[in-house]
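In what follows, a single structure is set out as structure tokens and then discussed.
The values are calculated or read from the model by the stated rules, or taken from the named source; none is laboratory data. Keep in mind the model is a prediction, meaning the values are calculated, not measured. Please note: Cβ atoms are built from the backbone with ideal geometry, for glycine as well, and neighbour counts cover all protein chains shown. We work out accessible area using only protein heavy atoms, side chains counted, and drop any ligands, DNA or RNA first. Shrake-Rupley method; radii C 1.70, N 1.55, O 1.52, S 1.80 Å.
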Amino acid sequence: MSTALSANTETVRINIDRLWDSLEKMAETGPGIAGGCNRQALTDEDDKGRKLFVEWCQQAGLSVTVDQMGTLFASRPGSDPQAAGIYIGSHLDTQPTGGKYDGVLGVLSGLEVVRTLNDHGISTQRPIVISNWTNEEGSRFAPSMLASAVFAGVYSLEYAHGLKDQAGITLGQELTRLGWLGSEPVGKRTMHAYLEYHIEQGPILEAQHKTVGVVTHCQGQSWLEVTLTGRSAHTGSTPMTMRANAGLAMARIIDAVDHIAMAHQPNAAGSVGQIKVYPNSRNVLPAKVIFTIDIRAADKHKFDRICTLVRDKIREISHAHGVAFSIEKIGHYDPVEFDADMTGIIRQAAEDMNYPHMDITSGAGHDATWIARVAPTAMIFCPCVGGVSHNESEAISPEWAQAGANVLLQTALQLANT
Ligand code: HGY
Ligand code: MN
Ligand code: MN
């Protein structure tokens with residue numbers, strides 16, 4: 001017999017043993033080489049993880065649909081069939097040297113919320129829908145947070161399907177190959193609210209001895225792909241003063257990006273994560289280099305300033321080294337403020353359950369960053385050990401995971417009955 005929301009639902013809590021077991025089993029679908037995960041978007045490993053998630057959702061009585069970006073939506077009906085749903089989502093794809101919890105904690109905690117409601121026979125007025133967004137990481141197909149961006153109308157479906165990995169395979173081909181090319185048009189769903197539970201991927205919560213992060217904002221993010229074209233030449237016989245050394249110019253730019261970010265602390269970052277050198281031969285000066293610059297900042301003015309300074313430096317250093325340059329903007333979003341009413345509910349839920357909590361700005365990007373454009377959106381953070389993430393040693397504790405998942409449960413319950 002199901003009961004609508006009643007006073008005792010405030011004491012309902014998730015089953016951490018079941019959630020932890022699901023996290024461990026999901027990790028086995030795409031193991032890394034050092035205890036973490038390598039389940040990159042639309043690989044055979046991602047396919048295994050998706051199938052396992054769908055199996056669990058069906059066991060929990062959810063109906064699963066797939067949209068044209070391969071995003072999965074697992075729905076638990078509410079008592080009001082006309083009511084827009086409460087969405088709880090994140091991503092199952094990982095970095096090549098990823099951890100077990102980045103993204104996965106949010107998707108499987110959404111499932112744990114449903115499993116808990118089922119255990120207690122609790123029905124809600126609004127449907128509850130768990131989403132697994134395709135290609136959040138952006139490591140195989142850039143840019144990151146791709147499917148949520150298409151859902152939010154930022155990129156077209158054609159653009160997204162045409163993106164190629166480093167082997168020249170398109171995202172659309174992989175969706176078709178694996179059978180995840182759904183028929184549901186992307187972005188037609190109306191969300192009453194979107195919640196994302198995620199690991200912090202930084203050191204603040206742990207250092208401040210907080211168990212729950214109330215995420216009020218997300219840093220802006222800009223991804224640039226820079227190509228420098230110099231002249232290949234002999235490393236031995238070419239005088240130092242007669243070189244057009246694209247590799248050296250890149251090194252100077254990498255250093256300049258770091259200096260610019262350091263000059264704009266706190267809450268700013270500048271990094272270069274991907275480098276390609278041509279011809280990449282030990283005794284040939286690089287003729288061409290292609291590298292990515294990742295800029296982050298929480299304050300819009302600071303963010304814009306850093307982006308401008310970085311572009312100026314690329315131009316200045318390229319000229320100084322006699323190399324040609326081109327800059328392609330791969331992905332870009334301004335700093336985001338999440339829904340204040342929802343962060344208020346999250347903060348109160350943490351307070352009511354006596355979880356030490358604090359407001360925090362997300363350094364990393366998330367699908368919530370884009371969904372905030374089309375629905376009231378908020379995030380909950382779980383601390384992670386040493387702030388380490390995008391590293392196979394990424395670690396959280398069951399106590400931490402449980403706290404945020406309980407806050408997610410109570411927040412979803414409240415939103416699902418308004
Ligand atoms: O890049 C990011 O911040 C996220 O991991 N996609
Ligand atoms: Mn993530
Ligand atoms: Mn990530």
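Scanning the stretch 185-209 for residues that are under 19 Å from the mean Cα position of the chain (by Cα) and open to solvent by 60 Å² or more (accessible area, probe 1.4 Å) gives 203, 204. On inspection, residue 139 qualifies as open to solvent by 10 Å² or more (accessible area, probe 1.4 Å), out of contact with any Leu (no Cβ under 7 Å at 6 or more places or on another chain) and within 14 Å of ligand 1 (Cβ to nearest atom). Restricting the stretch 378-415 to residues that are under 17 Å from the mean Cα position of the chain (by Cα), away from ligand 1 (no atom under 16 Å from the Cβ) and not in a loop (DSSP other than H, G, I, E, B) leaves a set whose member that is nearest to residue 154 (Cα to Cα) is 378.
Could you list, in sequence order, the residues of the stretch 66-90 that are open to solvent by 50 Å² or more (accessible area, probe 1.4 Å) and under 21 Å from residue 150 (Cβ atoms)? Answer for the stretch 66-90, where residues must be open to solvent by 50 Å² or more (accessible area, probe 1.4 Å) and under 21 Å from residue 150 (Cβ atoms): just 68. May I ask you to verify whether residue 94 is farther than 19 Å from residue 407 by Cα and open to solvent by less than 10 Å² (accessible area, probe 1.4 Å)? Spelling it out, residue 94 is indeed farther than 19 Å from residue 407 by Cα and open to solvent by less than 10 Å² (accessible area, probe 1.4 Å). State whether one or more residues within the stretch 83-92 are aromatic (Phe, Trp, Tyr), in contact with a Leu (Cβ under 9 Å, 6 or more places away or on another chain) and at negative phi. Yes: the stretch 83-92 contains one or more residues that are aromatic (Phe, Trp, Tyr), in contact with a Leu (Cβ under 9 Å, 6 or more places away or on another chain) and at negative phi.
If you check residue 350 against the conditions, is it more than 16 Å from ligand 3 (Cβ to nearest atom), open to solvent by less than 50 Å² (accessible area, probe 1.4 Å) and touching a Phe, Trp or Tyr at 6+ places or on another chain (Cβ under 6 Å)? Considered against the rule, which asks whether it is more than 16 Å from ligand 3 (Cβ to nearest atom), open to solvent by less than 50 Å² (accessible area, probe 1.4 Å) and touching a Phe, Trp or Tyr at 6+ places or on another chain (Cβ under 6 Å), residue 350 comes out as no. Does residue 185 qualify as being more than 16 Å from ligand 3 (Cβ to nearest atom) and over 14 Å from residue 412 (Cβ atoms)? The answer is yes for residue 185. For the stretch 37-56, a residue qualifies if it is crowded, with 23+ Cβ neighbours inside 10 Å, touching a residue at least 60 places away in the same chain (Cβ under 8 Å) and in contact with a strand residue (DSSP E or B) (Cβ under 9 Å, 6 or more places away or on another chain), and the qualifying residues are 37, 50, 53. Of the listed requirements (1) away from ligand 1 (no atom under 16 Å from the Cβ); (2) farther than 20 Å from residue 142 by Cα; (3) surrounded by fewer than 16 Cβ atoms within 10 Å (Cβ to Cβ), residue 212 misses just one: (3). Of all the listed residues (318, 326, 397), the sole one being over 26 Å from residue 14 (Cα atoms), open to solvent by 10 Å² or more (accessible area, probe 1.4 Å), away from ligand 2 (no atom under 16 Å from the Cβ) and among the polar types (S, T, N, Q) is 326.
Screening residue 298 against (1) at pLDDT below 95; (2) touching a Lys or Arg at 6+ places or on another chain (Cβ under 7 Å) leaves a single unmet condition, (2).
Of all the listed residues (294, 341), the sole one being open to solvent by 50 Å² or more (accessible area, probe 1.4 Å) and either in contact (Cβ under 8 Å) with a residue 60 or more places away in the chain or in a helix (DSSP H, G or I) (or both) is 341. Taking the conditions exactly as written (hydrophobic (A, V, I, L, M, F, W, C) and within 15 Å of ligand 1 (Cβ to nearest atom)), does residue 133 satisfy them or not? In short, yes. In the condition set (1) aliphatic (A, V, I, L, M); (2) surrounded by fewer than 23 Cβ atoms within 10 Å (Cβ to Cβ); (3) in contact (Cβ under 8 Å) with a residue 60 or more places away in the chain, residue 412 is compliant with all but (2). You will find that of 190, 235, 216, 211, the residue that is over 27 Å from residue 341 (Cα atoms), among the polar types (S, T, N, Q) and touching a residue at least 24 places away in the same chain (Cβ under 8 Å) is 235 and no other. Comparison of 109, 156, 148 shows that the only residue that is open to solvent by less than 10 Å² (accessible area, probe 1.4 Å) and more than 24 Å from residue 273 (Cβ to Cβ) is 109.
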